[in-house]
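Data first, discussion second: the structure below is written as structure tokens.
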């Protein structure tokens, strides 16, 4: 019974912790610009993140190795170091945009000055990571992030044309007004794919398995958590496409940039309760994501250089790991304090994420399929086929990402 | 018989280089940044030591990056005698503690600083 409850809470935490500011921005905008026609990318990316999440969790359970342990081992020191630097630039950018997003939400609630709120958010996040044990961090922010289900209720209450929703689940090219909109559609497809398969989610999920002392007997828990948790999280993100398509598009809000715009739909449908749930959901989801990015950066440094790491060791036994996440939070807050637009920042971080995706995922599939390392827990045929397939797709998307960013002027068309 | 069929076979580049080192108390204390091998041409080779530290990983970088890294890190290296290796799993387990071998100095320094901060 206790194990079932743990599994249930784990799945819900994975669901509530799935959406971050990047997904919010791109899904809402995708819905507002292209209706449901990008839903298939959500479905496609969700299968990909489940495949790699499951492998990363299984590696943690069997070998207790972190992702950057195997990145360095498999792609070599110099390429591994380049991946480490690039991944952490993206982590700092993403963390900064999450902090900015939280400050914007608090500003909507409290009306206090933005820069003061950034300091407040920084201290809140530092205190949360310092004082809460790892499992509590996962559970608190994951479960409270479930306030975001208000977007699922809203997407359904907006009475979508279900035949169009179903049509959007199959690969399609929408009718567009201008030729350049095809590039914009391709840009959103690549960005949505990247937003779902963000590397930090895999770093964090794998490190979480080590933090929670997973053993090979936990592989079933890993399968359910990554499979069901990520799938339900993705359903939550997909509902944002629905809100974009059914609420923002008809209201002519084509560039739903601020998180506040996301709350308009739930507010109109459910009044103050809808507004409060949407803002609270975003607050906890962005806070969880900020923590995940900062800890992921610290995990990756520690794993690459062989430092002792993990919340379970405490600050005295993993001092450099603790300093690393404090520095990442501080750098991210400083970046936000410059006045940079967090939404614009997250757009760049998502596009750059896809560039490092193949370098992160190649070592994962290489280790997960290796019988000498994984023994009887090595990939089966299906995991191998899907792993290599998604690696090829993410490589193609990585090659297309930066040209599309330039051609579409950062997604502005 | 293929080399891999030998029960004593292991792949130095694949199973040792760049792998995590843990001491006798299971504390991570660095990565194998380089492997020192001794022997004469035509004669048998044997592993002498594992090298850990910037002096060992810097030469593995492209020249320009090595030059830049040299400005930020001292080229210090700790050589761990091969006899210290107790077990090779995905990690390299040693027979002594990190402190006894001179590994993990930066960690102990950071831990002392952390203790000071926590006390004050």
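Here, each number is a calculation from the coordinates, and none is a lab measurement. Note that the structure is predicted; figures quoted are calculated from it, not measured. Note: ideal-geometry Cβ built from the backbone for every residue, glycine included; neighbour counts use all protein chains shown.
Footprinting exposure proxy ranking of A:349, B:76, fewest other C-beta atoms within 10 angstrom first, gives B:76, A:349. Per residue, chain A reaches -25500 deg cm²/dmol at 222 nm when only DSSP H runs of four or more residues are counted, each adding -39500 (n - 2.57).
What is the list of residues in the stretch B:67-86 whose amide nitrogen lies under 16 Å from a point 7 angstrom out from the Cα of residue A:78, following Cα to Cβ? Counting only backbone N, you get B:67-70.
May I ask you to sort B:29, A:95 by Cβ crowding, counting other Cβ atoms within 10 Å and putting the fewest first?
Values: B:29 27, A:95 31.
By the 10 Å Cβ count, ascending: B:29, A:95.
For the stretch B:10-119, what is Rg from Cα atoms divided by 2.2 N^0.38 Å, rounded to two decimals? Intermediate results must be reported in sequence, preceding the final value.
On the way: Rg = 15.6 Å, N = 110, 2.2 N^0.38 = 13.1 Å.
In units of the 2.2 N^0.38 Å rule of thumb, it is 1.19.
Note on residue B:45 and residue A:161: their simple-model spin labels are 6.9 nm apart, each label 7 Å out from Cα toward Cβ. Please find, in a Gaussian network model of chain A (springs between Cα atoms separated by less than 10 Å), the residue of A:283, A:204, A:134 whose mean-square fluctuation is greatest. Answer for the Gaussian network model of chain A: A:134. Comparing A:210, A:273, A:51 in a Gaussian network model of chain A (Cα springs below 10 Å), the most mobile by mean-square fluctuation is A:273.
Mean partner shielding of peptide B:27-33, defined as the number of other chain Cβ atoms within 10 Å of each residue Cβ, is 5.
Take A:10-17, B:9-16, A:311-318 and order them by the average number of nearby Cβ atoms within 10 Å per residue, most first; the result is A:10-17, A:311-318, B:9-16.
Here the Gaussian network model covers chain A, with springs between Cα atoms less than 10 Å apart; of A:357, A:382, A:248, A:382 fluctuates the most. Among A:247, A:299, sorting on how many other beta-carbon atoms sit within 10 Å of each Cβ, with the fewest leading, yields A:247, A:299.
Suppose R0 equals 41 Å; then what is the FRET efficiency for residue A:388 and residue A:110 from their Cβ-Cβ distance, rounded to the nearest 0.05? Could you put the intermediate results ahead of the total?
Values: r = 49 Å, r/R0 = 1.20.
Approximately 0.25, to the nearest 0.05.
Size of the stretch A:254-355: Rg and Dmax of its alpha carbons, in Å, are 17.5, 52. Under the shape rule built on the C-alpha gyration tensor, where the axes satisfy a ≥ b ≥ c, the stretch A:163-245 is prolate, since a/c reaches at least 1.5 and a/b is greater than b/c. Each of residue A:124 and residue B:99 was given a label point 7 Å from its Cα along the Cα-to-Cβ line. The distance between the two points is 4.2 nm.
Counts of other chain beta carbons within 10 angstrom of each beta carbon in peptide A:63-70 average 3.
Modelled this way, with points 7 Å down the Cα-to-C-beta line, the labels at residue B:89 and residue A:172 are 5.2 nm from one another. Spread over its residues, the convex hull of the C-alpha atoms of the stretch A:2-407 is 134 Å³ per residue.
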